[in-house]
1. Go through the stretch 20-47 and give me each residue that's touching a residue at least 40 places away in the same chain (Cβ under 8 Å) and closer than 15 Å to ARG82 by Cα.
2. Does ARG96 count as of a type in the set (Lys, Arg) and surrounded by 14 or more Cβ atoms within 10 Å (Cβ to Cβ)?
3. Within the stretch 94-114, is there a residue that is among the acidic types (Asp, Glu) and part of a helix (DSSP H, G or I)?
4. Of everything in the stretch 8-30 that's farther than 19 Å from GLU59 by Cα and of a type in the set (Gly, Ala, Ser), which residue is most open to solvent (accessible area, probe 1.4 Å)?
5. Somewhere in the stretch 152-174, is a residue open to solvent by less than 30 Å² (accessible area, probe 1.4 Å), assigned to a helix (DSSP H, G or I) and farther than 25 Å from GLU50 by Cβ?
6. For the stretch 69-81, enumerate the residues that are surrounded by fewer than 15 Cβ atoms within 10 Å (Cβ to Cβ), aliphatic (A, V, I, L, M) and farther than 23 Å from THR92 by Cα.
7. Looking at the stretch 36-68, which of its residues are part of a helix (DSSP H, G or I) and open to solvent by 50 Å² or more (accessible area, probe 1.4 Å)?
8. Mind checking which pairs have a first residue in the stretch 106-122 that is at pLDDT 95 or above and a second that is in a helix (DSSP H, G or I) and open to solvent by 40 Å² or more (accessible area, probe 1.4 Å), Cβ under 7 Å, 6 or more apart or different chains?
Amino acid sequence: NLRKPHLAKVDLLEQAKAEKKQVLLEGYRSSNSNMIADRVVEPFHVSPAEDTLQSFDAEKRIPRHFRISRIARVRILDQPWRFEGHHNIQRTDCFRIVNNDQVNVHLRLSVGACNELVERYPLTKSYILETSDPHYFDFQCSVNSQFFGLSNFILGFYHLDIEVIAPDSLRDFLREEVGKMRF
């Protein structure tokens, strides 16, 4: 059963959070560093639905978020929390980007674009509305102000008929990104 290891990790993270103990995230697969390494953290927000762990990295001494699915194992340590004053839960958008600085976006999507969005980013499903035209859908929600995730989707699937209705800052960002491309 593929769910059992995930649930065991979540249970251990929740236990450590309740007991205010540090944990060792064994074999964390990081996309940022392209490395697999162990991390000592203080877990303060566990969200299985978003596949995220918000924690304080005891070694780097900064708040960090991790994908639960990228953790090989969780081991609760005997060390109590030392940095509780730095435990600040941040908002997570439907692209699983943790950032309190969010902006509202509104896109008009063709059927194909809607399908790709939901299949690649399942949390977006609850922000999609039908329109009067059965061939188009509206996507409206708050996302991180750097447009991580969303911009990758738009630039990768522009050919599927994606219209940015708002905000202007998203249109400007996309123009800048396209301008950086080398052909």
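1. Restricting attention to the stretch 20-47, the residues satisfying the condition of being touching a residue at least 40 places away in the same chain (Cβ under 8 Å) are 20-30, 42, 44-45, 47.
Answer for the stretch 20-47, where residues must be touching a residue at least 40 places away in the same chain (Cβ under 8 Å) and closer than 15 Å to ARG82 by Cα: LYS20, LYS21, GLN22, VAL23, LEU24, GLU42, PHE44.
2. Details: of a type in the set (Lys, Arg): yes; surrounded by 14 or more Cβ atoms within 10 Å (Cβ to Cβ): yes.
Considered against the rule, which asks whether it is of a type in the set (Lys, Arg) and surrounded by 14 or more Cβ atoms within 10 Å (Cβ to Cβ), ARG96 comes out as yes.
3. First pass over the stretch 94-114, keeping only residues among the acidic types (Asp, Glu): 101.
Checking the rest, the ones that are also part of a helix (DSSP H, G or I) come to none.
No, because not a single residue in the stretch 94-114 is among the acidic types (Asp, Glu) and part of a helix (DSSP H, G or I).
4. Step one: list which residues in the stretch 8-30 are farther than 19 Å from GLU59 by Cα, which gives 8-12, 14-15, 18-19.
When the remaining residues are screened for being of a type in the set (Gly, Ala, Ser), the result is 8, 18.
Numbers: ALA8: 48, ALA18: 86 Å².
Within the stretch 8-30, the match that is most open to solvent (accessible area, probe 1.4 Å) is ALA18.
5. Within the stretch 152-174, one or more residues are open to solvent by less than 30 Å² (accessible area, probe 1.4 Å), assigned to a helix (DSSP H, G or I) and farther than 25 Å from GLU50 by Cβ.
6. Across the stretch 69-81, the qualifying residue is only LEU77.
7. First pass over the stretch 36-68, keeping only residues part of a helix (DSSP H, G or I): 48-50, 68.
PRO48, ALA49, listed by residue number.
8. Sorted first by the residue in the stretch 106-122, then by its partner, the pairs are SER110/LEU160; GLY112/LEU160; ALA113/LEU160; GLU116/LEU160; VAL118/LYS125.
The values are calculated or read from the model by the stated rules, or taken from the named source; none is laboratory data. The structure presented is a predicted model; accordingly, all values stated were derived computationally and were not measured. Every residue, glycine as well, gets a Cβ built from its backbone with ideal geometry; the counts of neighbours run over all protein chains shown. Calculation scope for accessible area: heavy atoms of the full protein, side chains included, ligands and nucleic acids excluded. Shrake-Rupley method; radii C 1.70, N 1.55, O 1.52, S 1.80 Å.
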